[in-house]
Amino acid sequence: MTTDSGRAATGSPDRAAPDPAALDSALSTMVEQVRERKPRALARAISRVEGGGDDRRELIRRLYPYTGGARVLGITGPPGAGKSTLVDRLARTLRERGDTVGILAVDPTSPYTGGALLGDRIRMQSLYLDPGVYIRSMATRGAMGGLARATHDAVDVLDAAGFDWVLVETVGVGQDEVDVVRSVETVLVVTVPGLGDDIQAIKAGLMEIADVFVINKADRDGVDRTVRDLETMLSLAETRSDWRPPIVKTVAARGEGVDEVLEQATAHRAHLVESGGLEERRRQLLRLRVEAILKERVLAAADETLGVEHEVERGLAEHHDPYRVADRLFAGAVSAARGEAG
Ligand SMILES: Nc1nc2c(ncn2[C@@H]2O[C@H](COP(=O)(O)OP(=O)(O)OP(=O)(O)O)[C@@H](O)[C@H]2O)c(=O)[nH]1
Ligand SMILES: [Mg+2]
């Protein structure tokens, strides 16, 4: 039987295999320090789940029993809508109530806004100094399809660390980014008044995952019109449950409406608990995560045995249909998995 650490060791046959006992105690230390919310341990644990390595599996396996206590909020919406500003304000409000907050910012360097402005950065810095807050950016480049998997793992790390709240910010463009927040407990979709384009952006995928709509930048013209448009859309749309997403107006830059956002998020959570929807969400999330892990594993195994690129070249040269190429790769992956199990 081949273990994960055994396989990793065969990658460098010229070096001595790492001592399993040493690896195990390093992992135990990491788990312990994550549970103590030590920032460096949190950073290392999240880097580990971001990476493609097998050792993330053992880490999550050990942390998972401690998860389930955090309230997880997803915050998504079009680029520049004010998601980071809102997250910052939510974190401050929660801290004032004595709650601890973990923040995951997925794709913080949006090409559209070029990241936070100086003022935002200074405000964020004071949050950074607060030991009750942990802020982490998730690398997205090159995490093809693995972004949601990695982010959900990172939520587990922060949840197991005992943060009362985990806030996950992601820009609402592209399936990958939407998958990141799909099925978390409560999803806030942030939009801004004015541009009909934003409503279009919401239509394209965000509409059906919103539990609470936030119309930020309510200090701008056209708020009431945006509220009306959204209400019309909501009355026409099929929502995913008997919960009708409330619409909250905010001026995140001044902290206005933030309390109400939290109130509505809390009401949504209460609804989930009462209606049995919480369990359904957890089922959906587990299914989503299992499927993502399976896809990654099958692809990786196929790549390790026959090589996806190699088989594609061969298929192209010999004019094989895609099913035949995939069958061959799948058979290779399955036989590799059998070897591993046996
Ligand atoms: N007028 C106004 N501006 C705001 C408000 N909230 C945020 N902003 C500004 O909008 C800009 C974008 O804010 P961010 O919080 O970075 O937006 P974001 O959605 O996180 O942006 P990306 O992560 O790049 O997609 C910044 O200049 C904020 O200061 C608001 O309520 N009113
Ligand atoms: Mg942002």
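The values are calculated or read from the model by the stated rules, or taken from the named source; none is laboratory data. Keep in mind that this is a model prediction, so the values were computed, not measured. So basically every Cβ, Gly included, is an ideal-geometry build from the backbone, and we count neighbours across all protein chains shown. Surface accessibility is based on the protein's heavy atoms, side chains included, excluding ligands, DNA and RNA. Shrake-Rupley method; radii C 1.70, N 1.55, O 1.52, S 1.80 Å.
Taking the stretch 223-271, which residues are closer than 21 Å to Arg97 by Cβ and free of Cβ contacts under 8 Å to residues at least 24 places away in the same chain?
Residues satisfying the conditions are Glu260, Glu263, Thr266, Ala267, Ala270.
Do we have Glu274 as over 29 Å from Val181 (Cα atoms) and free of Cβ contacts under 8 Å to residues at least 24 places away in the same chain here?
No.
Among the residues of the stretch 277-299, is there at least one that is open to solvent by less than 60 Å² (accessible area, probe 1.4 Å), within 20 Å of Arg57 (Cα to Cα) and without any contact (Cβ under 8 Å) to a residue 40 or more places away in the chain?
There is at least one residue in the stretch 277-299 that is open to solvent by less than 60 Å² (accessible area, probe 1.4 Å), within 20 Å of Arg57 (Cα to Cα) and without any contact (Cβ under 8 Å) to a residue 40 or more places away in the chain.
Could you tell me which residue of the stretch 90-125 is farthest from ligand 2 (Cβ to nearest atom), considering only residues that are outside any loop (DSSP other than H, G, I, E, B), open to solvent by 60 Å² or more (accessible area, probe 1.4 Å) and at pLDDT 65 or above?
By that ranking, first place goes to Glu96.
Within the stretch 52-89, take every residue that is in a loop (DSSP other than H, G, I, E, B), within 16 Å of ligand 2 (Cβ to nearest atom) and on the phi > 0 side of the Ramachandran plot and give me the one that is most open to solvent (accessible area, probe 1.4 Å).
At the first step, the residues of the stretch 52-89 found to be in a loop (DSSP other than H, G, I, E, B) are 52-54, 67-70, 78-82.
If we keep only those that are within 16 Å of ligand 2 (Cβ to nearest atom) too, we end up with 78-82.
If we keep only those that are on the phi > 0 side of the Ramachandran plot too, we end up with 80, 82.
On the way: Gly80: 34, Gly82: 12 Å².
Applying the filter and picking the extreme gives Gly80.
Among all residue pairs at least 6 apart or on different chains, which show Cβ distances below 9 Å where the first residue, located in the stretch 76-89, is among the hydroxyl-bearing types (Ser, Thr, Tyr) and the second is near ligand 1 (Cβ under 6 Å from one of its atoms) and assigned to a strand (DSSP E or B)?
Note: pairs meeting the criteria are Thr76/Val171.
Go through the stretch 60-89 and give me each residue that's in contact with a helix residue (DSSP H, G or I) (Cβ under 6 Å, 6 or more places away or on another chain), among the polar types (S, T, N, Q) and modelled with pLDDT under 95.
Thr76, Thr85
Taking the stretch 156-183 as the search range and keeping residues that are closer than 17 Å to Asp211 by Cβ and buried (at least 24 other Cβ atoms within 10 Å of the Cβ), which one is nearest to ligand 2 (Cβ to nearest atom)?
Glu169
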